[in-house]
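Note sheet for the following structure.
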């Protein structure tokens, strides 16, 4: 007897009978999977029939899984059930690409939740609401947002979109341009708030945000080469490996550390800029598989002027 594989459901009812075109009956035995026509099987007539469970091979599509988590409420611990079909991301939600692993998300949140009031580093949503401005170099028209007498350093975690280095004409410093997308609407809102509180014109809302390294000594020391590999850990700069900005590709998760600089012209018009202080590579997007190519052979002949 041909036994059915364990766990495979019967394709038909064992007593099910089907009429043939010749008027005879075929009794289908689900256990042996043998068709017998008219009673005893005849040579050349008995055959084994394989039934395929299409439901197991091609399972029906399932809807999005519901998300549930516990929260504290005034009346005790409750469970919040979210229907993803109609869900819209909230300002505090971390919105990443599907490839970002849980380990990467946890690493990102460590920067978003970092807190040390004694230091100068603040995730952008934790920047103190009340702050002061001070001249850092010698130009009174250029002022920096400061905290405890030192330039305040703002952290923004985002998705890299475009990173390039340019060298302006003359003796100006090379400038590193970093364009990225915010991971949270909350951070975008705080960037606008910090800007608009000190600028004459409100910040234009766009899908992407760009910061640049200092273009002059008034804005700060050169930082076009302050790019670091922080994929495993984030420590002081001297203990992190500096890298070429070209290693960071669109889609990678980055940490942008910047100062807030206010410039006032002769007409009392104030502009506010987020000036790049350093760039950190946090999470690397999966790269395409490298294909080995055949090396070009050495030129075998000699061509000379004579």
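What are the residues in the stretch 70-119 that are in a helix (DSSP H, G or I), surrounded by 10 or more Cβ atoms within 10 Å (Cβ to Cβ), without any contact (Cβ under 8 Å) to a residue 60 or more places away in the chain and within 14 Å of the chain's Cα centre (by Cα), if any?
105, 109
When you look at residue 67, is it at pLDDT below 90, surrounded by 11 or more Cβ atoms within 10 Å (Cβ to Cβ), touching a helix residue (DSSP H, G or I) at 6+ places or on another chain (Cβ under 8 Å) and more than 30 Å from residue 235 (Cβ to Cβ), yes or no?
Working: at pLDDT below 90: yes; surrounded by 11 or more Cβ atoms within 10 Å (Cβ to Cβ): yes; touching a helix residue (DSSP H, G or I) at 6+ places or on another chain (Cβ under 8 Å): yes; more than 30 Å from residue 235 (Cβ to Cβ): yes.
Here the answer is yes, as residue 67 does meet what is asked.
If a residue must be part of a helix (DSSP H, G or I) and in contact (Cβ under 8 Å) with a residue 60 or more places away in the chain, how many such residues does the stretch 233-245 contain?
First, the residues of the stretch 233-245 that are part of a helix (DSSP H, G or I): 237-239, 245.
So of that shortlist, the ones also in contact (Cβ under 8 Å) with a residue 60 or more places away in the chain come out as 245.
Total satisfying the criteria: 1.
Taking residue 137 as the residue in question, decide whether it is assigned to a helix (DSSP H, G or I) and more than 14 Å from residue 257 (Cα to Cα). Let's see the steps before the verdict.
On the way: assigned to a helix (DSSP H, G or I): no; more than 14 Å from residue 257 (Cα to Cα): yes.
It is false that residue 137 is assigned to a helix (DSSP H, G or I) and more than 14 Å from residue 257 (Cα to Cα).
Any residue at all in the stretch 215-229 that's modelled with pLDDT of 95 or more, in the same structural domain as residue 137 (by TED's automatic domain parsing) and in contact with a helix residue (DSSP H, G or I) (Cβ under 6 Å, 6 or more places away or on another chain)?
Yes, the stretch 215-229 contains at least one residue that is modelled with pLDDT of 95 or more, in the same structural domain as residue 137 (by TED's automatic domain parsing) and in contact with a helix residue (DSSP H, G or I) (Cβ under 6 Å, 6 or more places away or on another chain).
Write out, first by first residue and then by second, each pair whose Cβ atoms fall under 8 Å of each other, whose residues are 6+ apart or on separate chains, and whose first residue, in the stretch 207-225, is on the phi > 0 side of the Ramachandran plot while the second is crowded, with 17+ Cβ neighbours inside 10 Å.
As it stands, the answer is 220/136; 220/144; 220/151; 220/214; 220/259; 220/261; 220/275; 220/277, since those pairs meet every condition given.
The values are calculated or read from the model by the stated rules, or taken from the named source; none is laboratory data. Predicted, not measured: the structure shown is a model, and the values here were computed from it. Methodologically, a virtual Cβ is constructed for each residue, glycine included, from the backbone with ideal geometry; neighbour enumeration extends over all protein chains shown.
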